[in-house]
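The values are calculated or read from the model by the stated rules, or taken from the named source; none is laboratory data. Owing to the predicted nature of the structure, the values given are computational and were not obtained by experimental measurement. FYI the Cβ positions are ideal-geometry reconstructions off the backbone, even for glycines, and counts take in every protein chain you see. SASA here: full protein model, heavy atoms, side chains in, ligands and nucleic acids out. Shrake-Rupley method; radii C 1.70, N 1.55, O 1.52, S 1.80 Å.
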Amino acid sequence: APAFDPAVLRRDFPILQRTVHGRPLAYLDSAATSQKPAAVIDALAAFYRESNANVHRGIHTLAEEATAAYEGARARTAAFLGACEDEIVFTRGTTEALNMVAWGWAFHHLQPGDTILVTLMEHHSNLVPWQQVAARGGFQLRAVPLTPDGRLDTEAFTRLLEAHRPRVVALAHMSNVLGTINPVPELARQARAAGAVVVVDGAQSVPHLPVDVGSLGADFLAFSAHKMLGPTGLGVLYGRRERLAEMEPLLGGGGMIRRVEVDRSTWADPPQRFEAGTPPIAEAAAFTAALDYLQRLGLEAVAAHERELVRYAWERLQQVPGLVLYGPGPEHRGGVLSFTLEGVHPHDLAQVLDGEGVAIRAGHHCTQPLHRHLGVVATARASFYIYNDRDDVDRLVDGIEKARRLLAGS
Ligand code: PMP
C-alpha cells in the first residue's frame with residue numbers, strides 16, 4: 001500500500017489547483033523545478049512579514065531571529081544528509097556549488113596534465129565548469145562512456161581510473177534525461193581509492209531518494225532547493241570537512257573574512273568562508289519547511305512512489321507506436337522519462353500536450369553531448385514527483401496519442 005496519497009498531497013499545492021487551457025494541470029516537469037506546498041510559500045512570506053533582518057553581526061531581536069532561521073536551515077540540511085553543520089555551504093544552486101568546487105578546489109590542487117573525469121550523461125552545469133578550469137589550468141578532461149541501454153559503463157570507468165589516475169571524478173547521481181541512477185557508493189569508493197576527489201551532482205537524486213553522505217562516500221555533493229519543494233535561489237554544497245578546509249573562496253566580501261588589512265585578508269573557517277555577502281535568508285527559512293514536508297513523507301516512500309509510477313508509465317509508453325524511450329528499464333532509474341515520437345518534433349509534442357493541460361519539457365535538457373550520443377537533437381521529457389499519479393500518466397499517453405494522430409506521418 002502506498003505510504004501517501006498524491007491526490008491528498010495535491011491539496012497542499014496551490015498551483016496544482018489551477019487550470020491550463022481549461023484543463024486541470026498535470027505537472028510533469030518536476031525535474032526542471034518542483035512545485036511548492038503552501039507550507040513553503042507561507043514560510044517565505046512569514047519570514048518577510050515577521051522576522052526580516054540581515055543575518056550575523058546583528059544584536060537586535062529581528063537580526064537574532066533571522067540568524068536563527070538561517071542557521072537553523074543549515075542544521076536541518078545537515079541532519080537531512082547525515083552531515084555536520086560546518087560541512088553545509090549555502091549557494092545559489094547546484095550550478096554555483098559545482099563552479100565553487102571547480103574553481104575553489106580543483107583549480108588550486110591540480111597540476112598541468114592532471115585528469116578530470118566526468119561522464120557522458122552530465123548536465124552542462126557539471127561539465128562546462130570543468131572545461132573552464134581545464135582550459136585555464138592545463139588539465140585533461142575525459143568522459144566515461146555509457147552502455148547501450150544508457151547506464152554508466154562501469155568497466156570503462158575502472159579502466160579510465162587506472163589509466164589516467166584522475167584527480168577529480170565528477171558525476172551525476174541521477175541523470176536528468178535518462179533517469180539512470182548511478183551506483184555512486186561503489187564508484188566513489190573506487191575513485192577515492194585511486195586518489196580522486198569525488199564530486200557528485202545530486203540535483204536529481206537528493207529530492208527523490210534517501211541520500212546519506214556517509215554511505216554515499218563522496219567528497220562533495222551539490223543540489224538545489226527548488227527541485228525539492230523549496231524556493232529558487234538556494235542551493236547546497238556539502239563538502240567533507242577536510243576538503244572544505246583546503247578550498248579557496250570564489251567570492252570575497254562581507255561575512256567570509258577573519259581579519260582584513262588594506263592590502264590583504266585572511267579567511268573565516270568553512271562554511272562562512274564560502275558565503276560572502278547577504279545570503280538567501282528567506283529562502284533558507286522556507287527550505288526548512290520543504291525539508292520538514294519531505295521528511296514527514298519519508299524519502300523511502302517518495303522513492304517507492306516514483307518507482308511505481310515509472311513502472312506504470314514505462315509499460316504504457318512502450319505500447320505507443322513510434323515512441324522511443326531512452327535510458328535503462330524501470331529497475332535502474334528514477335522518475336524521469338525521456339522519449340521521442342517518430343514523425344513528431346519534441347517541441348510540437350510538448351505544444352499539443354500543453355493544450356491538454358499536460359506540462360512536459362522538450363529540448364536537449366542541458367545535455368548536448370548526451371543527445372549527440374543518442375543521435376537526436378532533442379527529446380521530450382516527463383518527470384514525476386510526490387503529487388503525480390497514474391491519472392497524470394494516462395493524460396500524458398492520451399496527449400501523445402493525440403499528437404500522433406494530428407502530426408505524425410504528415
Ligand atoms: N544537474 C542536474 C542533473 C540538473 O538536473 C540540474 C537542473 N536542471 C542542474 C544540475 C542545475 O541545477 P540549477 O539550475 O538549480 O543550478
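Which ones in region 269-285 are under 21 Å from the mean Cα position of the chain (by Cα) and over 13 Å from GLU248 (Cβ atoms)? Once the filter is applied, which keeps residues that are under 21 Å from the mean Cα position of the chain (by Cα) and over 13 Å from GLU248 (Cβ atoms), region 269-285 yields PRO271, GLU275, PRO279, PRO280, ILE281, ALA282, GLU283, ALA284, ALA285. Can you find a residue that is buried (at least 22 other Cβ atoms within 10 Å of the Cβ), on the phi < 0 side of the Ramachandran plot, within 16 Å of the ligand (Cβ to nearest atom) and in contact (Cβ under 8 Å) with a residue 12 or more places away in the chain anywhere in region 66-81? Yes, the conditions are met somewhere in region 66-81. Scanning region 233-286 for residues that are aliphatic (A, V, I, L, M), closer than 21 Å to VAL197 by Cα and without any contact (Cβ under 8 Å) to a residue 40 or more places away in the chain returns a single hit, ALA245. Hey, any hits in region 295-302 for a residue that's touching a helix residue (DSSP H, G or I) at 6+ places or on another chain (Cβ under 6 Å) and more than 30 Å from SER51 (Cβ to Cβ)? Checked against the condition, which is being touching a helix residue (DSSP H, G or I) at 6+ places or on another chain (Cβ under 6 Å) and more than 30 Å from SER51 (Cβ to Cβ), region 295-302 yields no hits at all. If you go through region 343-366 and pick out every residue that is free of Cβ contacts under 8 Å to residues at least 40 places away in the same chain and either buried (at least 19 other Cβ atoms within 10 Å of the Cβ) or within 22 Å of the chain's Cα centre (by Cα) (or both), you end up with 5. Taken across region 216-236, residues that are open to solvent by 50 Å² or more (accessible area, probe 1.4 Å), charged (D, E, K, R) and more than 16 Å from the ligand (Cβ to nearest atom) do not occur at all. One residue stands out in region 240-254 among those that are more than 16 Å from the ligand (Cβ to nearest atom) and touching a helix residue (DSSP H, G or I) at 6+ places or on another chain (Cβ under 6 Å): the one that is nearest to GLN190 (Cα to Cα), namely ARG241. One residue stands out among those in region 367-392 that are among the β-branched types (Val, Ile, Thr) and open to solvent by 10 Å² or more (accessible area, probe 1.4 Å): the one that is farthest from THR95 (Cα to Cα), which is VAL376. The residues of region 17-62 that are within 22 Å of LEU349 (Cα to Cα) and either part of a helix (DSSP H, G or I) or within 16 Å of the ligand (Cβ to nearest atom) (or both), listed by number, are TYR27, LEU28, ASP29, SER30, ALA31, ALA32, THR33, SER34. Do we have GLN131 as open to solvent by 60 Å² or more (accessible area, probe 1.4 Å), in contact with a strand residue (DSSP E or B) (Cβ under 8 Å, 6 or more places away or on another chain) and free of Cβ contacts under 8 Å to residues at least 12 places away in the same chain here? Yes: the conditions hold for GLN131.
When VAL101, VAL89, VAL118 are checked against the criterion of being within 16 Å of the ligand (Cβ to nearest atom), β-branched (Val, Ile, Thr), at pLDDT 95 or above and part of a helix (DSSP H, G or I), a single residue qualifies: VAL101. Within region 121-158, the set of residues being part of a helix (DSSP H, G or I) and away from the ligand (no atom under 16 Å from the Cβ) comprises VAL133, ALA134, ALA135, ARG136, GLY137, THR154, GLU155, ALA156, PHE157, THR158.
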